[in-house]
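Everything on this sheet refers to the single structure shown next.
FYI, it's all coordinate maths here, none of it is from the lab. Note that the coordinates shown come from a computational prediction; the quantities given were computed from them, not determined experimentally. All Cβ positions, glycine included, derive from the backbone under ideal geometry; neighbour counts span all protein chains shown.
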Amino acid sequence: MDGRLKDALVVMFVDGEDGCGQNACEVSARIAREQPRLRVNVVNISESKLSNCIADNTGGRVYAAREVGEVQKMLREAMEEVAATPACAGAQATGH
């Protein structure tokens, strides 16, 4: 995954506020500057919206889900987006 010279996509699951002591918004803003072609899609299964800035800063999307059925749907949508990226589409066509 490059994010500098090639498009890249990360799907991140969030179940609450970060407990590592770093400001996720500041970190994601730095990542966006250093890897401008890296998008982070956030599947947020919590009530907190603090991590949504990660998707905002990187040009990604936020999938909010509160119930199991919604989580499954959001995961499916997020994975379909990953599978549709050119690198993944080429790998599917060649079987790699």
Among the GluC sites (Glu not before Pro) within segment 1-82, which fall in a DSSP loop and have no more than 16 other Cβ atoms within 10 Å of their own Cβ?
-> Glu17, Glu47, Glu67
When every alpha-carbon pair in segment 8-81 is counted, what percent end up more than 17 Å apart?
-> 41 percent
When only Cα pairs under 8 Å and 6 or more residues apart are kept, what is the percent relative contact order across segment 8-81?
-> 32 percent
